[in-house]
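The values are calculated or read from the model by the stated rules, or taken from the named source; none is laboratory data. Predicted model only: the values in this text are computed from it and were never measured. Cβ atoms come from the backbone with ideal geometry, glycine included; neighbour counts cover every protein chain shown. Just so you know, the surface numbers come from the protein's heavy atoms only, side chains and all, with ligands and any DNA or RNA stripped out. Shrake-Rupley method; radii C 1.70, N 1.55, O 1.52, S 1.80 Å.
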Amino acid sequence: PFFATLIFVIAALYNGPGKAFHLFAVLVLLLAVWIAWLITRPSFSVTWLPAGWLPATALFYTAWLFINPHLSSFPYVSQLQAIDFAILPLGLFAWWLISNNERRLVWNHIWGLLLIAGSVLAVWGITDFVIYRERAHNPFVDPNAFAALLNLFTIPLCFHYLTSNRSVSLYYYPRLHLATIALFATAQFMTLSRAGLLTAGVVFAVMLS
(Lines give C-alpha, C1' and ligand atoms only; values in the text may rest on other atoms or scores of the structure.)
Protein backbone atom coordinates (compact mmCIF):
# COMPACT_ATOMS: atom_id res chain seq x y z
CA PRO A 1 0.00 0.00 0.00
CA PHE A 2 2.87 2.40 0.72
CA PHE A 3 4.26 2.36 -2.83
CA ALA A 4 0.82 2.60 -4.41
CA THR A 5 -0.29 5.47 -2.18
CA LEU A 6 2.95 7.42 -2.62
CA ILE A 7 2.84 7.02 -6.42
CA PHE A 8 -0.78 8.17 -6.45
CA VAL A 9 -0.02 11.30 -4.39
CA ILE A 10 2.98 12.27 -6.53
CA ALA A 11 1.00 11.75 -9.74
CA ALA A 12 -1.75 14.01 -8.42
CA LEU A 13 0.78 16.84 -7.92
CA TYR A 14 2.29 16.52 -11.40
CA ASN A 15 0.92 18.95 -13.98
CA GLY A 16 2.99 18.49 -17.11
CA PRO A 17 6.61 19.12 -18.20
CA GLY A 18 8.08 22.16 -16.52
CA LYS A 19 5.67 21.94 -13.57
CA ALA A 20 6.75 19.67 -10.74
CA PHE A 21 8.73 17.50 -13.15
CA HIS A 22 11.09 16.55 -10.34
CA LEU A 23 8.13 14.95 -8.58
CA PHE A 24 7.29 13.06 -11.75
CA ALA A 25 10.87 11.79 -11.91
CA VAL A 26 10.48 10.46 -8.37
CA LEU A 27 7.22 8.79 -9.43
CA VAL A 28 8.90 7.02 -12.36
CA LEU A 29 11.75 5.88 -10.11
CA LEU A 30 9.32 4.55 -7.50
CA LEU A 31 7.36 2.70 -10.14
CA ALA A 32 10.55 1.15 -11.55
CA VAL A 33 11.68 0.06 -8.06
CA TRP A 34 8.24 -1.37 -7.34
CA ILE A 35 8.17 -3.42 -10.56
CA ALA A 36 11.76 -4.63 -10.03
CA TRP A 37 10.93 -5.71 -6.48
CA LEU A 38 7.78 -7.53 -7.61
CA ILE A 39 9.75 -9.44 -10.24
CA THR A 40 12.71 -10.41 -8.05
CA ARG A 41 11.01 -11.17 -4.74
CA PRO A 42 10.75 -14.82 -3.57
CA SER A 43 6.95 -14.85 -3.75
CA PHE A 44 6.98 -14.17 -7.48
CA SER A 45 5.68 -17.69 -8.04
CA VAL A 46 2.24 -16.70 -6.72
CA THR A 47 1.86 -13.82 -9.18
CA TRP A 48 0.87 -14.03 -12.80
CA LEU A 49 0.28 -11.98 -15.92
CA PRO A 50 -3.11 -12.52 -17.52
CA ALA A 51 -3.49 -13.44 -21.16
CA GLY A 52 -5.73 -11.65 -23.61
CA TRP A 53 -6.01 -8.51 -25.68
CA LEU A 54 -5.45 -6.03 -22.82
CA PRO A 55 -1.94 -7.19 -21.79
CA ALA A 56 -0.96 -7.48 -25.47
CA THR A 57 -2.24 -3.95 -26.16
CA ALA A 58 -0.41 -2.57 -23.11
CA LEU A 59 2.81 -4.30 -24.18
CA PHE A 60 2.68 -3.03 -27.78
CA TYR A 61 1.72 0.45 -26.58
CA THR A 62 4.73 0.55 -24.24
CA ALA A 63 7.02 -0.63 -27.05
CA TRP A 64 5.62 2.07 -29.35
CA LEU A 65 6.34 4.75 -26.73
CA PHE A 66 10.00 3.71 -26.77
CA ILE A 67 10.15 3.82 -30.58
CA ASN A 68 8.12 6.97 -31.25
CA PRO A 69 10.63 9.61 -29.99
CA HIS A 70 13.21 8.31 -32.49
CA LEU A 71 10.77 8.99 -35.33
CA SER A 72 9.68 12.42 -34.12
CA SER A 73 10.77 15.79 -35.48
CA PHE A 74 10.93 17.00 -31.87
CA PRO A 75 12.47 14.04 -30.02
CA TYR A 76 12.92 15.83 -26.69
CA VAL A 77 9.26 16.83 -26.45
CA SER A 78 8.11 13.43 -27.70
CA GLN A 79 10.32 11.69 -25.16
CA LEU A 80 8.79 13.66 -22.28
CA GLN A 81 5.30 12.88 -23.50
CA ALA A 82 6.22 9.21 -23.95
CA ILE A 83 7.39 9.05 -20.33
CA ASP A 84 4.08 10.56 -19.25
CA PHE A 85 2.02 8.06 -21.22
CA ALA A 86 4.17 5.08 -20.20
CA ILE A 87 3.06 5.45 -16.58
CA LEU A 88 -0.33 3.91 -17.36
CA PRO A 89 0.81 0.59 -18.91
CA LEU A 90 3.71 0.25 -16.46
CA GLY A 91 1.35 0.79 -13.55
CA LEU A 92 -0.95 -1.82 -15.06
CA PHE A 93 1.87 -4.36 -15.29
CA ALA A 94 2.88 -3.64 -11.69
CA TRP A 95 -0.72 -4.23 -10.63
CA TRP A 96 -0.80 -7.59 -12.40
CA LEU A 97 2.47 -8.70 -10.82
CA ILE A 98 1.27 -8.52 -7.23
CA SER A 99 -0.58 -11.45 -5.68
CA ASN A 100 -4.35 -11.53 -5.28
CA ASN A 101 -4.19 -11.06 -1.49
CA GLU A 102 -1.90 -8.04 -1.82
CA ARG A 103 -4.02 -6.70 -4.64
CA ARG A 104 -7.11 -6.70 -2.44
CA LEU A 105 -5.20 -4.93 0.33
CA VAL A 106 -3.78 -2.30 -2.03
CA TRP A 107 -7.10 -1.77 -3.79
CA ASN A 108 -8.76 -0.89 -0.49
CA HIS A 109 -6.46 2.14 -0.31
CA ILE A 110 -6.50 3.00 -4.01
CA TRP A 111 -10.28 2.91 -4.36
CA GLY A 112 -10.72 5.38 -1.51
CA LEU A 113 -7.98 7.63 -2.89
CA LEU A 114 -9.60 7.66 -6.31
CA LEU A 115 -13.00 8.65 -4.95
CA ILE A 116 -11.51 11.37 -2.75
CA ALA A 117 -9.23 12.77 -5.47
CA GLY A 118 -11.99 12.69 -8.08
CA SER A 119 -14.42 14.43 -5.73
CA VAL A 120 -11.90 17.18 -4.95
CA LEU A 121 -11.26 17.74 -8.65
CA ALA A 122 -14.99 17.77 -9.41
CA VAL A 123 -15.70 20.36 -6.69
CA TRP A 124 -12.80 22.44 -7.98
CA GLY A 125 -14.26 22.33 -11.49
CA ILE A 126 -17.73 23.26 -10.23
CA THR A 127 -16.15 26.25 -8.47
CA ASP A 128 -14.75 27.43 -11.81
CA PHE A 129 -18.23 27.39 -13.32
CA VAL A 130 -20.31 28.75 -10.41
CA ILE A 131 -17.99 31.36 -8.90
CA TYR A 132 -15.67 32.41 -11.73
CA ARG A 133 -18.23 32.01 -14.54
CA GLU A 134 -15.83 29.89 -16.58
CA ARG A 135 -16.11 26.47 -18.13
CA ALA A 136 -15.02 23.91 -15.55
CA HIS A 137 -11.38 23.16 -16.27
CA ASN A 138 -9.69 22.58 -12.91
CA PRO A 139 -5.86 22.70 -13.22
CA PHE A 140 -6.09 22.21 -17.00
CA VAL A 141 -6.10 25.03 -19.53
CA ASP A 142 -8.47 23.10 -21.78
CA PRO A 143 -11.92 22.15 -20.36
CA ASN A 144 -12.00 19.22 -22.80
CA ALA A 145 -8.97 17.70 -21.06
CA PHE A 146 -10.72 18.07 -17.72
CA ALA A 147 -13.84 16.42 -19.17
CA ALA A 148 -11.72 13.48 -20.32
CA LEU A 149 -10.21 13.17 -16.84
CA LEU A 150 -13.68 13.20 -15.27
CA ASN A 151 -14.69 10.33 -17.55
CA LEU A 152 -11.76 8.32 -16.20
CA PHE A 153 -13.33 8.65 -12.75
CA THR A 154 -17.01 8.50 -13.68
CA ILE A 155 -17.12 5.55 -16.08
CA PRO A 156 -15.31 3.01 -13.82
CA LEU A 157 -17.42 4.13 -10.86
CA CYS A 158 -20.65 3.66 -12.84
CA PHE A 159 -19.47 0.24 -14.01
CA HIS A 160 -18.62 -0.72 -10.43
CA TYR A 161 -22.03 0.46 -9.22
CA LEU A 162 -23.89 -1.49 -11.89
CA THR A 163 -21.93 -4.73 -11.66
CA SER A 164 -20.94 -5.11 -8.00
CA ASN A 165 -22.78 -7.46 -5.72
CA ARG A 166 -23.62 -5.76 -2.44
CA SER A 167 -23.27 -8.95 -0.44
CA VAL A 168 -19.84 -9.81 -1.91
CA SER A 169 -17.97 -6.59 -2.66
CA LEU A 170 -16.23 -4.82 0.21
CA TYR A 171 -16.26 -1.55 -1.70
CA TYR A 172 -19.93 -1.33 -2.63
CA TYR A 173 -21.60 1.67 -0.97
CA PRO A 174 -24.58 2.46 -3.23
CA ARG A 175 -25.62 5.80 -1.74
CA LEU A 176 -22.06 7.09 -1.59
CA HIS A 177 -21.39 5.91 -5.13
CA LEU A 178 -24.59 7.50 -6.48
CA ALA A 179 -23.76 10.80 -4.78
CA THR A 180 -20.21 10.71 -6.18
CA ILE A 181 -21.48 9.84 -9.67
CA ALA A 182 -23.89 12.79 -9.47
CA LEU A 183 -21.01 15.06 -8.42
CA PHE A 184 -18.83 13.86 -11.31
CA ALA A 185 -21.71 14.23 -13.78
CA THR A 186 -22.42 17.78 -12.59
CA ALA A 187 -18.79 18.78 -13.09
CA GLN A 188 -18.83 17.04 -16.48
CA PHE A 189 -21.80 19.10 -17.69
CA MET A 190 -20.14 22.28 -16.43
CA THR A 191 -17.14 21.66 -18.68
CA LEU A 192 -19.52 22.22 -21.64
CA SER A 193 -17.35 19.71 -23.49
CA ARG A 194 -19.24 18.06 -26.33
CA ALA A 195 -16.53 15.42 -26.78
CA GLY A 196 -16.51 14.55 -23.08
CA LEU A 197 -20.30 14.29 -22.87
CA LEU A 198 -20.51 12.31 -26.11
CA THR A 199 -17.86 9.86 -24.89
CA ALA A 200 -19.64 9.38 -21.58
CA GLY A 201 -22.99 8.93 -23.32
CA VAL A 202 -21.68 6.31 -25.74
CA VAL A 203 -19.92 4.34 -22.99
CA PHE A 204 -22.98 4.45 -20.74
CA ALA A 205 -25.20 3.26 -23.59
CA VAL A 206 -22.89 0.29 -24.18
CA MET A 207 -22.66 -0.36 -20.43
CA LEU A 208 -26.44 -0.46 -20.04
CA SER A 209 -27.08 -2.58 -23.13
Fill in the blank from the handout: With criteria (1) farther than 24 Å from Phe153 by Cα; (2) open to solvent by 60 Å² or more (accessible area, probe 1.4 Å), His109 comes up short on (1)
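Can you tell me which residue in segment 120-141 is surrounded by the fewest Cβ atoms within 10 Å (Cβ to Cβ), limited to those that are not in a helix (DSSP H, G or I) and not aliphatic (A, V, I, L, M)?
Going through the qualifying residues, I end up with Arg133.
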Fill in the blank from the handout: Scanning segment 152-199 for residues that are modelled with pLDDT of 85 or more and among the basic types (Lys, Arg) gives Arg194
Handout entry: Residue that is in a helix (DSSP H, G or I), open to solvent by less than 20 Å² (accessible area, probe 1.4 Å) and either hydrophobic (A, V, I, L, M, F, W, C) or closer than 28 Å to Trp95 by Cα (or both), where the choices are Ala185, Ala200, Ala117, Ala179
Key = Ala200
